[in-house]
Each structure stands twice: as C-alpha cells, then as structure tokens.
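Engineer: Below you will find the structure I want to go over with you.
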Amino acid sequence: MMWDKLAQRNFYGKALAVLAEEDPNVVVMDADLAGSTKTSEFKAVCPERFVEVGIAESNMIGIAAGLAASGKTVFASTFGIFATGRCWEQIRLAVAYPKLNVKIVATHCGITVGEDGASHQALEDIAIMRAIPNMTVIVPADAYEAFAATKKLAATQGPAYMRLGRAEFPAITEPGEDFQIGKAKVLREGDSVTLVGCGQMVAACLEAAEQLEAEGINAEVINMSTIKPFDTETLIESVKKTGCCVTAEEHSIIGGLGSAVAEALCENCCVPLERVGTKDTFGESGKPDDLMAKYGLTPADVREAAMLAISRK
Amino acid sequence: MTEYTLPELENIANKMRLHVIEMTYAANSGHPGGSLSAADMMAALYFSFMRHDPSNPNWEDRDRFVLSKGHVAPILYAALAESGYFPVEDLLSLRKLGSKLQGHPVRGKVPGVEMSTGSLGQGLSMACGIALAGKMDGKDYRTICMLGDGELQEGQNWEAAMFARQAGLTNLIAIVDRNRLQITGDTEAAVGLEPLPEKWKAFGWNVIVIDGHSMRQILEALEKAANAKTRPTVIIMKTVKGKGVSFMENNAGFHGKACNEDEQRRAIEELRAVIQ
C-alpha cells in the first residue's frame with residue numbers, strides 16, 4: 001500500500017506550537033531531549049512556558065505535578081524508556097494518585113528506535129503505565145492521529161500517557177480526522193478475523209488484511225489507539241462477528257494491547273486470540289525495518305497469526 | 001490574623017504534640033518520633049509565618065506547604081486541625097478505614113494538604129513546580145517544603161536542589177528536620193549526610209542553621225528566608241527526634257511505632273504538665 005511516511009514526534013511538536021497560541025495554561029517540559037522529542041517547537045514560540053529540567057526525569061515529574069497543582073496543563077516529554085520506567089513511582093504518587101493534569105508524552109518508543117539498542121527500546125511502557133489507576137494510555141496510529149490526540153489531551157483534564165515513535169510511520173488516517181479518547185475505530189470491515197492494532201502496527205494490520213483478502217479471507221481491522229480506558233464494546237461487537245482475534249503492537253506481548261484484549265475477551269466473549277509483539281525479550285541494535293522483521297512485527301507476521309487464529313476457531 | 005507570642009506558639013506546638021501521641025495511639029501505628037521533632041516549626045509556620053485561610057483552603061494567594069517527609073502526617077494533620085481546616089475530633093480517625101486522614105497525606109482528601117507524599121525524596125520537586133508556577137504567574141506566594149534528614153539520601157532531592165537554583169526560585173524555602181535518626185539509627189552510620197550545610201551551599205542555596213526547638217530562632221530564620229533575593233533558602237533545623245516526651249527523645253524505636261497504653265499515659269502526663 002502507498003502511504004505517506006511521517007514522524008509522529010514532528011506532529012506532536014506542531015500541535016504543541018499551536019497550543020502555545022491557543023492555550024495560555026499549557027506548560028511544556030523536557031529533560032535535555034527537546035530537539036529529539038520536538039518539544040523544541042514549543043520552546044521556539046513560547047520560551048517563557050518551556051521548562052528545561054536537564055537530565056533528571058524523576059525531578060521533571062515532581063515539578064510537573066507541582067505546576068499542575070497550580071493550574072497548569074503540563075506536557076512532559078522525553079524518550080519512552082526514561083519517561084515511564086525511570087520515574088514510574090513518581091508518576092504513580094505525584095501525578096496519578098491526585099489525578100493531576102500532567103500529560104506524559106514519550107517519543108522513541110518501541111523497537112524502531114533502532115541503532116541505539118535495547119537500553120533505549122521501550123517495550124514495556126504500555127504495560128507499566130496501564131497498570132496505574134487514573135492513567136489514560138494513548139498510542140496513536142500515525143502522525144496525524146498524534147497531532148489530534150495532543151490537542152484532545154490538552155482539552156481533557158487528568159493524567160495521561162501518550163506513546164510516540166522515533167521513525168517515520170505510514171500515515172493511515174486523514175489530517176483533521178476526529179479523535180476521541182477511549183473510542184476505537186473500525187478501519188475495515190470483515191467477518192473472518194479481527195485484527196486489532198495500535199501505533200504503527202495498525203498499518204501492518206491493514207496490509208495483512210490486503211494479503212488475506214487476496215486469499216479470500218475478509219479481515220476486520222480496528223485501530224485501538226486508546227489502550228485505557230479500553231473500548232471493550234467495539235472489540236466484542238467485532239469478535240462476535242468474526243469469531244477470532246489477532247493483536248499487533250510494537251511492544252511486549254506481556255501487559256500491553258495483547259493483554260488488554262485478552263482480558264476483555266476472557267471476560268466477555270472467549271474466542272481464539274493470537275498476539276503479535278515482542279516475545280518476552282529485549283531488543284538490540286539494528287535498522288528499524290530489520291528489527292521489525294527479526295522480532296516478528298511485519299504484516300506477514302500479522303497475516304500468519306490471523307491464519308493460526310482462524311484455524312483455532 | 002492573630003499575632004502570637006513566643007510562649008503562645010510554644011504552647012500550640014505542645015498541644016500539637018499531644019494530638020500526635022493521641023492520634024498514633026488510637027491508630028496503634030504511625031510515626032510519632034519525627035512528628036514531635038517538627039512540631040515547633042509546624043506551629044511557627046501555621047500560626048505565624050504562613051499566609052493562609054483555613055476557611056478558604058484554595059485561596060489563590062496562599063502560601064503553599066509541601067510535607068516531603070510524608071510519614072509525619074500526624075503533625076501536619078494536628079496543625080491543620082488546630083488552624084481550623086477541620087474539627088480537632090477528626091484527628092482520632094487517623095489511619096482508620098474510610099478516614100480522610102490517610103497514613104500519608106493525600107491531596108484532595110484533606111483541606112490544606114497540597115500534594116500527595118509518603119514516598120520519600122519527591123516533595124522538593126513538587127515544591128519547585130509550585131514555586132515555578134508562582135513565578136510564571138507573577139504571584140508572590142511562598143512555597144515551603146519540609147524534608148526529613150534521612151530522606152536526603154534520595155538523589156531526587158539533589159536534582160530538585162540544582163533545578164531550584166537554576167530557575168531562581170527565591171520564593172522557595174526548604175526546611176530540613178535534622179533529628180539525626182532514621183529507621184536504622186544514626187543517619188551518619190547509615191549513609192552520612194555531613195557536611196550538610198556545605199552540600200546545600202555548593203548547590204547554590206542560602207543556608208541557615210538553627211536550633212529547631214528555639215521558637216525565636218525559627219521565626220528569625222523564616223523571616224530571613226522570606227527576604228531572599230537571589231537564591232532559594234534552606235533552613236537546617238537541628239532537632240531532637242521525639243522532642244517533648246522524655247523517653248521518646250533520641251529514640252529511633254519511636255520512628256514508626258506508636259506508644260503502648262502505659263507509654264501514652266506517661267507521654268500525655270508529661271505534655272499536659274507543660275501545656276497552659
């Protein structure tokens with residue numbers, strides 16, 4: 001399929017620059033990575049509401065909580081592994097417990113960080129953020145959705161985590177498309193298998209669906225861009241029709257989208273489920289595409305999982 | 001606001017100490033030792049120094065207090081109740097199921113509690129955020145953060161200390177309750193903090209060292225801190241853990257343990273003898 005390829009973080013930066021104009025309450029923070037996370041876009045137009053904390057992520061979260069307690073809408077950014085793992089307990093106590101208006105927006109998530117290797121590849125962030133009460137978790141499918149979600153988050157009270165990538169992802173949504181927190185979208189209808197993706201794996205699901213169609217199999221594709229609160233209704237409605245399910249995420253199969261779907265299925269409508277994601281392993285250095293292939297995150301892997309799920313019906 | 005004399009403030013501190021003994025005894029748990037060492041400063045803050053209005057806890061221009069050593073929630077609750085944020089009778093619900101008075105302070109549950117704390121090392125960062133918002137908004141409220149001494153072993157404090165200096169947070173006052181005891185015992189035997197004043201100086205702060213049980217020194221130090229022009233200020237107050245109850249003084253055993261029946265009777269007798 002021919003999609004434009006765009007980096008989500010660039011559109012996060014663009015959205016912040018718009019918010020600098022629109023919302024005098026927005027404060028943006030970074031921990032020495034503004035040029036990479038693109039919070040530099042906000043700093044360029046609104047330096048007085050940009051806070052550089054240096055290489056001190058735990059401190060950033062505490063300061064973010066204090067700013068939010070004083071009425072600010074705070075966007076705090078750094079790479080995914082540092083934004084979540086480094087300061088998980090600070091997020092839990094300072095931000096989530098008192099429901100403060102802090103949006104933790106992490107870039108460079110997943111294995112497509114590439115050459116930096118396992119130390120920098122966040123593959124557990126969805127799991128550990130999802131486990132915290134009061135926390136909203138959003139994984140936009142592409143750059144346009146990242147833009148829309150950023151603006152929606154600014155207009156919504158409460159703690160949230162948003163996961164973005166480093167590399168350019170296929171842009172599968174339309175600019176200006178409506179984005180609702182907690183609402184999944186059916187991108188393609190089918191009756192043989194439900195493919196549920198988040199992040200750039202939604203594009204992989206759409207490609208897999210094309211391949212399956214060529215084999216006479218109609219796959220339904222769902223963009224589950226909000227992992228929490230989870231849209232159980234849309235998922236269950238789909239699997240009642242298709243009878244089996246595949247999840248696809250650039251994240252460990254433990255605790256992320258695959259687990260959220262498994263929980264919803266087991267409680268509501270038990271159908272065969274196959275999970276595409278990293279299999280309880282760390283990543284390694286390499287080119288993003290090579291890593292996606294080696295760790296089983298390609299459209300072909302989704303297609304194969306779909307065939308397996310269908311065979312288990 | 002009423003102007004209190006030094007003896008009156010000392011008396012309020014002792015009343016708050018009495019509450020701490022009664023609350024933790026009723027809860028059969030909690031942290032009396034560090035609550036008692038902080039009592040004089042808490043009385044000075046809530047009854048003399050801070051601009052606040054118990055009938056309007058969300059008053060925009062109020063001074064903000066963050067209790068980083070959240071385990072001494074009993075002394076904070078005692079100060080809030082004595083100030084009039086909620087009825088003094090509520091204090092005995094400490095740590096009981098359904099109570100607003102959780103084991104560690106929770107923002108949104110108790111009027112007057114600004115931030116949720118209890119995991120050590122986080123309060124100074126939160127206070128930096130509040131002070132920074134004040135600067136951004138051109139407000140002249142002060143932000144006060146009370147830290148334990150053992151707590152300074154958490155590295156995040158020093159991240160916050162560096163940031164406060166960098167951001168020019170002259171409206172921030174840190175107070176270190178230097179009672180020299182943590183759960184394990186002597187702070188210097190665990191992981192030593194000295195030379196503590198020099199450490200803060202090296203991080204770019206004004207440093208004031210006082211006797212934390214001298215009401216006169218406490219008030220003078222707060223006044224000096226409030227007039228800081230270029231740097232944030234830390235008041236290192238030398239205190240006695242368990243201060244005010246003879247057998248609890250300098251006794252690490254009462255860090256996180258309430259009095260038994262006999263101990264609480266003796267403690268109450270001692271405190272009642274000095275309360276006017």
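The values are calculated or read from the model by the stated rules, or taken from the named source; none is laboratory data. Predicted, not measured: the structure shown is a model, and the values here were computed from it. Glycine also receives a Cβ, built like all others from the backbone with ideal geometry; neighbour counts cover every protein chain displayed.
Engineer: Could you tell me whether any residue of the range A:78-94 is facing chain B (nearest Cβ under 7 Å), crowded, with 24+ Cβ neighbours inside 10 Å and not in a helix (DSSP H, G or I)?
Structural biologist: no
Engineer: Which members of the range B:191-238 meet the condition of being in contact (Cβ under 8 Å) with a residue 60 or more places away in the chain and closer than 12 Å to B:Val176 by Cβ?
Structural biologist: B:Gly212, B:Thr233, B:Val234, B:Ile235, B:Ile236, B:Met237, B:Lys238
Engineer: Hey, another quick one. State the number of residues belonging to the range B:47-68 that are exposed (fewer than 14 other Cβ atoms within 10 Å of the Cβ) and hydrophobic (A, V, I, L, M, F, W, C).
Structural biologist: Summing the residues that are exposed (fewer than 14 other Cβ atoms within 10 Å of the Cβ) and hydrophobic (A, V, I, L, M, F, W, C) in the range B:47-68 gives 1.
Engineer: If you don't mind, there's one more thing I want to ask. Report, ordered by the first and then the second residue, all pairs with beta carbons closer than 8 Å, sequence separation of six or more or different chains, a first member in the range A:279-296 that is over 20 Å from A:Gly258 (Cα atoms) and modelled with pLDDT of 95 or more, and a second member that is of a type in the set (Lys, Arg) and outside any loop (DSSP other than H, G, I, E, B).
Structural biologist: Taking only residues 6 or more apart or on different chains, the pairs are A:Gly286/A:Lys294.
Engineer: Also: Determine which single condition A:Glu233 fails, assuming it passes every other condition in (1) without any contact (Cβ under 8 Å) to a residue 60 or more places away in the chain; (2) outside the structural domain of A:Val276 (by TED's automatic domain parsing); (3) surrounded by fewer than 19 Cβ atoms within 10 Å (Cβ to Cβ).
Structural biologist: The one condition A:Glu233 does not meet is (2).
Engineer: For the range B:127-148, how many residues are touching a residue at least 12 places away in the same chain (Cβ under 8 Å) and either more than 7 Å from chain A (Cβ to nearest Cβ) or over 18 Å from the mean Cα position of the chain (by Cα) (or both)?
Structural biologist: 14
Engineer: Quick check on the range B:149-183: of everything there that is farther than 20 Å from B:Asp63 by Cβ and touching a strand residue (DSSP E or B) at 6+ places or on another chain (Cβ under 6 Å), which residue is farthest from the other protein chains (Cβ to nearest Cβ)?
Structural biologist: Only one residue tops the list, namely B:Arg178.
Engineer: Further question on the same structure: When you scan the range A:35-56, how many residues do you find that are in contact (Cβ under 8 Å) with a residue 24 or more places away in the chain, away from chain B (no Cβ under 11 Å) and in a helix (DSSP H, G or I)?
Structural biologist: Total meeting the criteria: 7.
Engineer: Kindly indicate the residue of the range B:69-126 that is among the β-branched types (Val, Ile, Thr) and away from chain A (no Cβ under 14 Å) and also farthest from B:Ile173 (Cα to Cα) among those meeting that condition.
Structural biologist: Only one residue fits best here, namely B:Val88.
Engineer: A further question follows. From the list A:Asn59, A:Asn25, exactly one residue is under 18 Å from B:Ala167 (Cα atoms), within 11 Å of chain B (Cβ to nearest Cβ), touching a Ser or Thr at 6+ places or on another chain (Cβ under 7 Å) and polar (S, T, N, Q). Which is it? Steps first, answer last, please.
Structural biologist: Details: A:Asn25 fails: under 18 Å from B:Ala167 (Cα atoms).
Of A:Asn59, A:Asn25, the one residue that is under 18 Å from B:Ala167 (Cα atoms), within 11 Å of chain B (Cβ to nearest Cβ), touching a Ser or Thr at 6+ places or on another chain (Cβ under 7 Å) and polar (S, T, N, Q) is A:Asn59.
Engineer: Which residues, taken from the range B:257-276, are outside any helix (DSSP H, G or I) and under 23 Å from B:Gly103 (Cα atoms)?
Structural biologist: B:Lys257, B:Ala258, B:Cys259, B:Asn260
Engineer: Being part of a helix (DSSP H, G or I) and without any contact (Cβ under 8 Å) to a residue 40 or more places away in the chain is the filter; apply it to the range A:176-217 and report the residue that is surrounded by the most Cβ atoms within 10 Å (Cβ to Cβ).
Structural biologist: Per the stated criteria, the residue is A:Ala209.
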